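No value in this document is a laboratory result; all are computed from the given coordinates. Predicted, not measured: the structure shown is a model, and the values here were computed from it.
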Amino acid sequence: MSRNAKGSRRERQFVEFLNNDGYVCHRVAGSGHMESATCDLVAIKKGKAYLVEVKSRKKVFYTKSHLDQLNTMIKEAKKCGAIPLLAVKINYKPWEVINISKTIPKKID
């Protein structure tokens with residue numbers, strides 16, 4: 001399975017996870033492919049908006065481009081009053097959701 005296919009599948013799984021928890025959630029068209037798409041998902045619950053980046057890997061590490069993307073998402077979230085979240089799915093482990101408004105974790109196990 002290609003990385004893009006796996007990423008899209010994980011995004012759809014996380015949308016379903018959030019929808020089942022009472023969020024209104026939608027995937028962002030072109031996320032990961034277009035410079036104007038700064039996140040993978042937009043979610044809203046009880047009047048709070050969230051910008052979500054979904055990562056799925058064997059282990060989480062960040063390249064310079066990933067860090068740049070996350071920092072851009074944090075800036076965009078601040079501009080519109082949203083909360084930036086990083087949703088991580090490590091193989092064979094449950095989802096981990098991290099509020100990255102203050103800091104991006106260096107490592108996720």
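Amide H contacts of Asp40: Val52, Glu53, Val54, each under 5 Å away and 5 or more positions distant or on a separate chain (H built 1.01 Å from N in the peptide plane; Pro and chain starts excluded).
Amide hydrogen proximity for Ile83: with H placed 1.01 Å from N in the peptide plane, the residues at 5 or more positions away or on another chain lying under 5 Å are Ala49, Tyr50, Leu51. In order along the stretch 8-18, phi translates into HN-Hα couplings of 5, 5, 5, 4, 5, 4, 6, 4, 4, 4, 5 Hz, rounded to whole numbers, per the Karplus curve 6.51 cos²θ - 1.76 cosθ + 1.60 with θ = phi - 60° and x for Gly and Pro.
Rounded if a/c is under 1.5, else prolate if a/b is larger than b/c, else oblate: which is the stretch 50-109, with a ≥ b ≥ c the root eigenvalues of its Cα gyration tensor? Prolate is the answer for the stretch 50-109, as a/c is 1.5 or above and a/b outweighs b/c.
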